Amino acid sequence: MQIKLTVNGEPRSDEVEPRLLLVHYLREQCGLRAANVGCDTTSCGACTVLLNGKSVKSCTMLAVQAAGQEITTAEGLAAGGELHPVQQAFRQEHGLQCGFCTPGMVMAAAGLLAENPHPTEAEVREGLEGNFCRCTGYHNIVRAVLSAAGSMSA
């Protein structure tokens with residue numbers, strides 16, 4: 001099937017198999033590596049991207065379902081060589097260790113802050129509960145999201 005969509009601000013038109021998962025389309029056809037395949041069951045959130053500004057797990061969405069939509073991956077958040085405030089906050093607050101979950105966490109956080117620019121700690125924890133990290137214990141991740149919220153509203 002032929003699909004047309006926008007990925008990180010760039011219009012694309014590609015031939016895809018109807019059963020191709022969005023995460024595999026992004027990785028294999030677009031050459032984007034931030035969305036990771038961790039579970040294929042929406043359990044871990046490592047594949048989280050933004051679909052029209054809302055976070056979705058790309059491991060259980062077909063590429064054809066994204067036709068006509070706008071996809072943003074962690075690679076597409078930075079603009080003009082500057083990190084997005086969420087990316088910068090993860091860096092400053094040490095919200096990562098091994099990095100495998102980080103792109104998905106960043107995208108989930110960006111989606112959360114787009115919907116709720118001033119979340120409480122409890123709202124951040126609830127908003128990220130579909131994304132797992134086996135390394136950090138979440139404290140610095142939550143702190144990073146709250147820091148990003150503060151810097152984005154300043």
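List of remarks:
- The residues neighbouring Asn131, those whose beta-carbon lies less than 13 Å from its own, together hold a net charge of +1 under the Lys/Arg +1, Asp/Glu -1 convention.
- Relative contact order (%) - criterion: Cα under 8 Å, at least six apart; region: the chain: 25 percent
- Sequence-ordered 3J(HN,Hα) estimates for the stretch 34-49 from the Karplus curve with 6.51, -1.76 and 1.60 and θ = phi - 60° stand at 5, 6, 9, 8, x, 9, 6, 10, 6, 7, 9, x, 5, 9, 4, 9 Hz, glycine and proline given as x.
- Computed from label points 7 Å out along Cα-Cβ, the spacing between Met152 and Val37 is 3.0 nm.
- Of the Cα atoms belonging to the stretch 56-117, the radius of gyration and Dmax stand at 12.8, 37 Å.
- Stretchable slack from Glu70 to Cys98, in nm (0.36 nm times residue separation minus alpha-carbon distance): 7.2 nm
- Estimated FRET transfer efficiency (Asn52, His139; beta-carbon r; R0 35 Å; 0.05): 0.65
- For the chain, the normalised intensity computed at q = 0.10 Å⁻¹ comes to -0.32 (log10 of I(q)/I(0), Debye sum over alpha carbons, equal scatterers, no solvent).
- Proximal charge balance of Glu121 [Cβ under 14 Å; K/R count +1, D/E count -1]: -2
- Whole-Hz ³J(HN,Hα) from phi, Karplus 6.51 cos²θ - 1.76 cosθ + 1.60, for the stretch 54-62, glycine and proline x: 10, 6, 9, 8, 7, 7, 10, 10, 7
- Prolate/oblate/rounded label for the stretch 1-84 (Cα gyration tensor, a/c 1.5): oblate
- Taking Lys and Arg as +1 and Asp and Glu as -1, the other residues whose beta-carbon sits under 15 Å from that of Ser43 total 0.
- Mean separation of Cα contacts under 8 Å, 6 or more apart, over the residue count of the stretch 85-153: relative contact order %: 52 percent
- Förster radius 35 Å - calculated FRET efficiency between Glu129 and Met1 (Cβ-Cβ, nearest 0.05): 0.55
- Rg(Cα) / (2.2 N^0.38 Å) computed for the stretch 85-153, rounded to two decimals: 0.94
Only the coordinates and a few stated rules stand behind these numbers; no lab work does. The structure displayed is predicted, hence computed values, not measured ones. Heads up, the Cβs are rebuilt from the backbone with ideal geometry, glycines too, and the neighbour counts pull from every protein chain shown.
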